[in-house]
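The structure under discussion appears below in the form of structure tokens.
Since every read-out is calculated from the coordinates, none of them should be taken as a lab result. Model, not experiment: these values are computed from the prediction. In this analysis, Cβ positions are derived from the backbone assuming ideal geometry, glycine residues included, and neighbour counts consider all displayed protein chains.
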Amino acid sequence: MVVAGKALRQPARAHLSNRSDNKVTVSIIAFQAGYSGGRGFTSRQRDPLPQDTSSDKPGAHHLAHRRAQPPHHKARCRLKPPTRRRGATFGFMLYFAFQFSILITMTDALDAATILNFDPDALRAKYRRERDKRIRVDGNQQYLGIEGDFSNYIDDPYAETLESRTALTDAVDVVIIGGGFGGLISGARLKEAGIKSVRIIEKGSDFGGTWYWNRYPGAACDTESYVYLPLCDELGIVPTEKYAQGPEIFAHSQNIARHYDLYQNACLQTQVTGMHWDENLRRWQIETDRGDAMRARFVIMSNGPLNRPKLPGIPGIEQFKGHTFHTSRWDYDYTGGTSNGDLEHLRDQRVGIIGTGASAVQCIPHLGAAAKALYVFQRTPSSIDVRANRPTDPDWERTLTKGWQKARMENFNALTSGRIVEEDLVMDGWTEIIRNLISMANYRGKGIDPAEIPGLMELADFQKMQQIRARVDDLVDDPITAEALKPYYRQFCKRPCFHDSYLQTFNRASVNLIDTQGQGVAGMTETGVVALGKTYDLDCVIFATGFEVGTEYTRRAGYDLTGTEGLTLSKKWAQGVRTLHGLHSRGFPNVFFMSTAQSGFTTSFPHAMDESAQHMTYIIDRCLSEGIADIQPSQAAEDAWVAEIVQLSRISESFQAECTPGYYNNEGQPNPRSSQNSSYGKGPIPFFSRMKAWREEGSMVGLDCRS
Ligand SMILES: Cc1cc2nc3c(=O)[nH]c(=O)nc-3n(C[C@H](O)[C@H](O)[C@H](O)COP(=O)(O)OP(=O)(O)OC[C@H]3O[C@@H](n4cnc5c(N)ncnc54)[C@H](O)[C@@H]3O)c2cc1C
């Protein structure tokens, strides 16, 4: 255990140089990198979460000109035999071989500084030891469901009053569940297509989703805001900073809703509690906690990938007499201050924070600056790279012309999903890892056998993580604390973090890193938190423990669906997600899932969601204009898609198995269900192309349609 004593600074490790002047870059596959706080922290569980059925990892698709639609074929949906695909792994190897060979012919200088200054075998062994320390038999069941005594952790602390309204029994064309970016983009694309009868149902009291709920101090996007904030071009705005702060992103959500007139007809402060298919009416009936029983022809489920906070199942958690809350429901009444910090009520408080994931990394600098004493309970350190935020350059802004955002999104997506592009427009920590691969290739200066690619990618990853670890030594004074803050796993095993003052916070005398050496905290008492045999007395404990990911989809959504012949979604997906394209599931006509399970995945989520939104809009538009009453995937098409997803998931199987436990690899327990629930294994660009080709073909292959 490290309680940060302040000792002499250790000399910085030698840095590995990364050539960043290349105009041509290549990237590794973007292994699913989602957002969460810390992980679980106990060896016993109480009220364990039901096991995984659907991994709703953040999703993917690609931009297509939605109004540039293909001619509508007269033929209604028909089923074609599924296309035979070539072996995924082989295709993947060839793909990288191709990328590298182009790269090597286009880059000339050998970069001698890329000579390895580490022993790959020793690092590999170290990574395994660190992973093994964290493997637990209880996997996802280590977390507590937030219900019963804990349900106050998901109450809405931001809505001052519940506005009264009469229960609705009306009918609309499209109901969208969820008012986050996914719901907003869907609403926007539908409105652009001239589909006006749209209703968004959202349990928060305003739009924003993630950015409505997560208002902790320091909250900001981690992917570049020019890429991340959706519909900037359409709204004619440019974010004010390279990485916008939470309040700006929240306000942007409201601007989208106003721009597309989505407040009109919306049901805010309304939680969907269930929905069932009425076969006579061919409509969905949607029930809510406001007594509504409204009908909709189509339903888009955009409940969010990280919507349901989770708590570690720490023994004694209910005994603690001090104050507690979850980062996604920040209690400013207790802490004082604002999203900019200055948490003045904490000046005489001993504060503990459990978890060191993305949310914790952003709020810990503010807690460290304010609290009398801060105790950071760590199971696994995050990888913390340079953020280098800066205000938007007005000169650059003036150069932007229509279409700038689409071009930038595509550039970023290409770089983070394995494509060579002429230029790196974003030039940040996400795209920088790619330069390690370039350095590697430059150093070798010759063609690469496809069989060598995984090994080279691993070396580039080692190199990048060496750089991340060297940065810890540079910034953290105490060598023991520094060592405890170093991540020993491959970069995309966990969502990488970017921050310029997180690590330095541990140089404050009042800030203590409690490194539990992979074990997590052992318990809570009336007065504090127990870790590695010692009790830390605290006034307040903040749970930065992230969100449910591997639990049942319907549990995370907060409602079940009853489709044709009484089939419920929870039953159908009990052994894993079953869809066509991640969007449709047989037995649930006219329902669209905005999810990454069995769909594409992009590092910047809204990109994928926009692709999905455009695809759904295309289908809904076709149905409305051609008198198609309902659509659902044929059994054969769905079965073929599921089989393909499972087969492709083998691409990342060994990578996932080697990773430190987390929600990407089902808490260190990858299994057939988590493979089935994964996203499209060839990456987002092939997935988007496939969806585009499907639209262009025009016959809605694989969907059964009824008029
Ligand atoms: C702190 C944080 C930072 C992040 N930063 C980034 C980033 O930099 N880049 C990135 O790409 N991604 C980031 N993400 C991921 C982020 O979740 C997505 O980018 C995106 O905002 C998800 O949008 P969504 O609409 O799918 O889901 P959400 O934003 O979660 O919206 C879903 C909405 O559905 C509502 N809802 C759920 N169930 C019901 C129900 N039964 N009835 C009514 N309403 C319901 C919820 O209240 C919620 O508002 C971050 C996530 C977090 C938590």
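Under 5 Å between amide hydrogens, built in the peptide plane, is the criterion, and for ILE514 it picks out VAL376, PHE377, GLN378 among residues at least 5 positions away or on other chains.
The calculated FRET efficiency for LEU567 paired with ALA509, based on their beta-carbon distance and R0 = 60 Å, is about 0.50. Cα centroids of the stretch 583-639 and the stretch 449-484: 40 Å apart.
The phi torsions of the stretch 485-490, fed into the Karplus equation with coefficients 6.51, -1.76 and 1.60 and a -60° offset, translate into couplings of 8, 8, x, 10, 6, 6 Hz, rounded to whole numbers, with Gly and Pro shown as x. Peptide packing: for 117-130, 595-608, 632-645, the average count of neighbouring Cβ atoms within 10 Å per residue gives the ranking 595-608, 632-645, 117-130, highest mean first. Residue-wise HN-Hα couplings along the stretch 129-135, as the Karplus relation 6.51 cos²θ - 1.76 cosθ + 1.60 with θ = phi - 60° gives them from phi, are 4, 5, 4, 4, 4, 9, 5 Hz; Gly and Pro carry x.
Residues CYS540, CYS497 in ascending order of nearby Cβ atoms (within 10 Å, fewest first): CYS540, CYS497.
By the count of other C-beta atoms within 10 Å, a proxy for reagent exposure, PHE181, PHE506, PHE320 are ordered fewest to most as PHE320, PHE506, PHE181. Each 5 Å bin from zero up to the one holding the largest Cα-Cα distance in the stretch 482-602 carries the following percent of pairs: 2, 7, 12, 15, 12, 10, 10, 10, 10, 7, 4, 1, 0.
Based on alpha-carbon atoms, the Kirkwood radius and the radius of gyration of the stretch 371-434 give Rg/Rh equal to 1.15.
Residues SER164, SER585, SER570, SER151, ranked from the fewest to the most other C-beta atoms within 10 Å, line up as SER164, SER151, SER570, SER585. Every Cα-Cα pair of the stretch 151-237 was included, and the share exceeding 19 Å stands at 53 percent. The H on the amide N of ASP630, modeled in the peptide plane, is under 5 Å from the matching H of ARG706, each at least 5 residues off or on a different chain.
Here is the P(r) of the stretch 529-652: all C-alpha pair distances, binned every 10 Å from 0, give 11, 33, 31, 12, 9, 5, 1 in whole percents.
Under 5 Å between amide hydrogens, built in the peptide plane, is the criterion, and for GLY523 it picks out VAL530 among residues at least 5 positions away or on other chains. Which net charge results for the neighbourhood of TYR226, defined as the other residues with beta-carbon distances under 13 angstrom from its beta-carbon, given Lys and Arg at +1 and Asp and Glu at -1? Surrounding charge for TYR226 is -4. Between ILE237 and MET427, full extension at 0.36 nm per residue minus the direct alpha carbon distance yields a gain of 66.3 nm.
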